[in-house]
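Q: Handing you a structure now.
Only the coordinates and a few stated rules stand behind these numbers; no lab work does. The model shown is predicted, which means the values in this text are computed figures rather than measured ones. All Cβ positions, glycine included, derive from the backbone under ideal geometry; neighbour counts span all protein chains shown.
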Amino acid sequence: MNAAMLRLVALRLVLGLLTLLIVSALVFTATELLPGDVAEALLGQSATPTAVAGLRAALHLDQPAWWRYLLWLGGLLGGDPGISLVNRLPVAAQIGNRLPNSLKLASITACVTVPLALTLGITTAMWRGSRYDRIVGMGIIGIVSVPEFLIASLAVLVFAVKLRWLPALAFRSGPQDFWTMLRLLAMPVGTLALVGIGQMSRMTRAALVTVLESSYVEMARLKGAGPIRIVLVHALPNALGPIVNAVALSTSFLLGGVIIVETIFNYPGLAKLMVDAVSTRDLPLVQACAMLFCAAYLALVLIADVVAILANPRLRQR
Amino acid sequence: MRRLSPIGMVALAVVLAWALAALFAPLIAPYPPGRIVTRDSLADLSVAFPLGTDYLGRDMLSRVLYGARYTLGIALLSTALACLMGVTLGLTAAARGGWFDMTVSRVLDAMISVPSLLAALVVVSSLGSSIPVLIAAAAVIYTPGAYRLSRAVAVNINAMDFVAVARARGEGTLYLIRAEILPNMILPVLTDFGLRFVFVVLLLTGMSFLGLGIQPPNADWGTLVRENVEGLSFGAPAVIMPALAIATLTIAVNALIDSVAGGRVTDGR
């Protein structure tokens, strides 16, 4: 790594942190929009004024909003995002319980999605305009235009109800062997993979097509290089940055999918925790989950940016 | 604008059909949507109930037709608001530049990095779920995308010769935007409107599916899927039909844009 690259990476890091800071302010403001008082809402109409005042002080509601924002931000950074308004359990512990499940779902989905999406994206870009490209393209437009719960419901209908190959629920408590786990996770992962492959492969295709239509690829073709050589040697090294970016950006769509899929399959992950917290209006839990998801997404985008900088051949010798 | 391809014609027909269904639901629906018409709940397709019945024994066809009013109406209003705010901000940023452009761009870029369903959940957790809140949330969530597009297009047009000529004539900023820039933005903005409409439909039906969107007795297509979801374990059409209704609408809008704008739709949100 040289000085120019180092400077770019540092700049990206600062921009990423700035974005995260703005996002935290947005999340905090959005949850502060509630007219009226959380303390009154929590204690109900029969609460005594002293009880309300006590809870207000405990929740720092008697402090100005900017101070509460700083307190909250400090808590997040220190790993203590507060206490649930509904069941009085620490938010950190509740998130800690669900995190392994979500990571398991995410990693299995990534292992399935990324290779398939890249293969589809690269091959459709190589043979763009062919019948193969058009058919895959139509399928992908179909998948990305359709709600995730339709894909999930159709999967349940076909594989669990009609064919009886798979169980309809994703979670079973107690110990289970590897095969049982795979069977249980097949439909959630399959649904997410379809959604992810749709987004990722079309972004990959778009990134690669831009490179394939540039003049140095034209030059390579005129010199007589074969299509495989053109893609692997000439186009891919230059398209690596945009492709990695495409993969990171599609996780934004995947997150929406995770929220729907964890709900429909009753999977005890972070997204389900957040949806439940929204319906009970447990604000500290919602805020912490939202920040965790945003931070994870921004971290992925940041990593992709850094990889793109490192992979950019034009920055290598300076 | 070119002639529509055969696929484009079909897509246009589907979109128009849903628009008419939403407008004239009271005239075409065989039953009132809230009335329990049979004891046979979550029933299969039949002549009397072409789309089956729901978990209470209400006619699904009538419920889907009335649901179109919520899904199409609310999504149309949110998309229009998002595009209005996005285009206004984008034009102002492109015309004024400087600190205004930088601040707005930075903040809206940060908003884009919050996944849309997540943002909607955060808003609903504090304000509760009502139709005005949902419309406002969807409009704000999709403003940054409309802003990005219109700003980029406006910056391009702004650099063209005919704008420079008008500026040299001594025309003011408002005139430049209205007479020179805006007319040249209509096709890209309309295309973007269609794309954003699909995202809004998916977002709002997704929220309703989670039980955090349109609340019963009002029911959009997402609510219809949710309230019948227990029928999924034996394959009741009441779950699949409203979901298919969403799919036909969104696929048709995307295919229509594809055929009007030409080429593949590549950009994300």
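Q: If one puts a single equal scatterer on every Cα of chain A and applies the Debye formula without solvent, what log₁₀ I(q)/I(0) results at q = 0.06, 0.09, 0.11, 0.14 Å⁻¹?
A: -0.29, -0.62, -0.86, -1.16
Q: Something else: Please give the net charge around residue B:176, taking every other residue with its beta carbon less than 14 angstrom from that of residue B:176, where Lys and Arg add +1 and Asp and Glu add -1.
A: +1
Q: Here's something else I'd like to know. How many nm separate the modelled label positions at residue B:96 and residue B:16, each set 7 Å beyond the Cα in the direction of the Cβ?
A: Output for this residue pair reads 4.3 nm.
Q: While we're on this one: Give me the mean projected area, in nm² to one decimal, of the convex hull enclosing the Cα positions of segment B:63-213.
A: So the Cα hull casts an average projection of 9.8 nm².
Q: Further question on the same structure: Does anything in segment B:54-91 have its amide N under 15 Å from the 7 Å Cα→Cβ label point of residue B:40, and if so which residues?
A: B:54-61
Q: Within 10 Å of each Cβ in A:128-138, how many Cβ atoms from other chains are there, averaged over the peptide?
A: Counting other chains' Cβ atoms within 10 Å and averaging over A:128-138 gives 1.
Q: Largest first and in whole Å, give the semi-axes of segment B:33-131's equivalent ellipsoid, each being the square root of 5 times a Cα gyration tensor eigenvalue. Intermediate results must be reported in sequence, preceding the final value.
A: Working: eigenvalues 403, 46, 20 Å².
Output for segment B:33-131: semi-axes of 45, 15, 10 Å.
Q: Once you place label points 7 Å from the Cα toward the Cβ at residue A:296 and residue A:4, how far apart are they in nm?
A: It works out to 3.7 nm between the two label points.
Q: Which percent of the Cα-Cα distances in segment A:129-171 go past 13 Å?
A: Counting every Cα pair in segment A:129-171, those more than 13 Å apart make up 63 percent.
Q: Semi-axes of the equivalent ellipsoid of segment B:85-148: what are they in whole Å, largest first, if each equals the square root of 5 times a C-alpha gyration tensor eigenvalue? Write out the running numbers ahead of the final one.
A: Values: eigenvalues 127, 28, 14 Å².
Result for segment B:85-148: semi-axes of 25, 12, 8 Å.
Q: Describe numerically, in nm with one decimal, the distance between label points set 7 Å from Cα along Cα→Cβ at residue B:233 and at residue A:213.
A: A separation of 5.2 nm, rounded to one decimal place.
Q: Averaged across the residues of A:19-26, what count of C-beta atoms belonging to other chains lies within 10 Å of each residue's C-beta?
A: Details: counts 8, 2, 1, 8, 5, 1, 2, 7.
Mean partner-chain Cβ count within 10 Å for A:19-26: 4.
Q: Can you tell me the Rg and Dmax of segment A:232-318, counting just the alpha carbons, in angstroms?
A: Considering segment A:232-318 through its Cα atoms, Rg and Dmax are 17.7, 56 Å.
Q: Using only Cα atoms and rounding to the nearest 10 degrees, what angle (0 to 90) does helix A:131-145 make with the longest principal axis of chain A?
A: Helix A:131-145 sits at roughly 10 degrees to that axis.
Q: With the Cα gyration tensor of the protein assembly as shown giving a ≥ b ≥ c as the square roots of its eigenvalues, does the rule (a/c under 1.5 for rounded; else a/b larger than b/c for prolate; else oblate) give rounded, prolate or oblate?
A: Details: a/c = 1.31, a/b = 1.16, b/c = 1.13.
It comes out rounded by the Cα gyration axes.
Q: Could you please tell me the mean projected area of the C-alpha convex hull for segment B:9-58, averaged over all directions and given in square nanometres to one decimal?
A: Over every viewing direction, the Cα hull of segment B:9-58 projects on average to 4.2 nm².
Q: Now for a separate question. Please arrange A:289, B:83 by how many other C-beta atoms lie within 10 Å of their C-beta, fewest to most.
A: Ordered by Cβ neighbours within 10 Å, fewest first: B:83, A:289.
Q: So how long is each side of segment B:201-257 along the principal axes, counting just the alpha-carbon atoms, biggest first, in Å?
A: So the extents along the principal axes, rounded to whole Å, are 35, 24, 15.
Q: Oh, and also: When all C-alpha to C-alpha distances in chain B are sorted into bins of 10 Å, what percent of pairs does each bin hold, rounded to whole numbers?
A: Using 10 Å bins, I get a P(r) of 7, 26, 29, 21, 11, 5, 1, 0 for chain B.
Q: Ranking B:103, B:71, A:251 by Cβ neighbours within 10 Å, fewest first, what do you get?
A: B:103, A:251, B:71
Q: Output the 0 to 90 degree angle, nearest 10, between the alpha-carbon long axis of helix B:131-158 and the longest principal axis computed from the alpha carbons of chain B.
A: Relative to chain B, helix B:131-158 is tipped by roughly 30 degrees.
Q: Can you give me the Cα centroid spacing of segment B:75-149 and segment B:214-259 in angstrom?
A: 26
Q: Across peptide B:103-112, how many C-beta atoms of other chains are within 10 Å of each residue C-beta, on average? Don't skip to the answer; put the middle values down first.
A: Details: counts 0, 0, 0, 4, 4, 1, 3, 11, 4, 3.
Mean partner shielding for this stretch: 3.
Q: Still on this structure, I have one more. Dividing the convex hull volume of the alpha carbon atoms of segment A:113-228 by its residue count, what do you get in Å³ per residue? Don't skip to the answer; put the middle values down first.
A: Details: hull volume 15.4 nm³, N = 116.
Enclosed volume per residue, from the Cα hull, is 133 Å³.
Q: Could you work out how far helix A:65-77 tilts from the main Cα principal axis of chain A, as a 0 to 90 degree angle to the nearest 10?
A: Once rounded, the angle reads 60 degrees.
Q: Another question, if that's okay. What area, in nm² and to one decimal, does the C-alpha convex hull of segment B:154-231 cast on average over all directions?
A: 7.4
Q: I'd like the distance separating the alpha-carbon centroids of segment A:63-125 and segment A:236-296, in whole Å.
A: Segment A:63-125 and segment A:236-296 have Cα centres spaced 7 Å from each other.
Q: Taking the Cα centre of each part, how many Å lie between segment B:5-35 and segment B:157-178?
A: Taking the Cα centre of segment B:157-178 as reference, the centre of segment B:5-35 is 43 Å away.
Q: Could you pull out every one of the lysines with an alpha carbon less than 20 Å from that of residue A:104, ignoring same-chain neighbours closer than 8 positions?
A: Qualifying lysines at Cα under 20 Å: A:272.
Q: Cut-off is 10 Å between beta-carbons; in what order do B:234, A:293 appear when sorted fewest neighbours first?
A: Result, fewest neighbours first: B:234, A:293.
Q: Placing +1 at every Lys and Arg Cβ and -1 at every Asp and Glu Cβ, with all other atoms neutral, what dipole size does the protein assembly as shown have around its Cα centre, in debye to the nearest 20? Walk me through the intermediate numbers first.
A: Values: 42 positive and 29 negative charges, 300 e Å.
So the magnitude is around 1440 debye.
Q: Between residue A:303 and residue A:87, 0.36 nm times their residue separation minus their Cα-Cα distance comes to what?
A: On the way: separation 216, 0.36 × 216 = 77.76 nm, distance 3.66 nm.
Contour length minus Cα-Cα distance gives 74.1 nm.
Q: If packing is taken as the mean number of other Cβ atoms within 10 Å per residue, what is the order of B:162-170, B:127-135, A:157-165, highest first?
A: Final packing ranking: B:127-135, A:157-165, B:162-170.
Q: Counting residues in segment A:41-182 as N, plug N into 2.2 N^0.38 Å and put the Cα Rg over that result.
A: This ratio for segment A:41-182 stands at 1.69.
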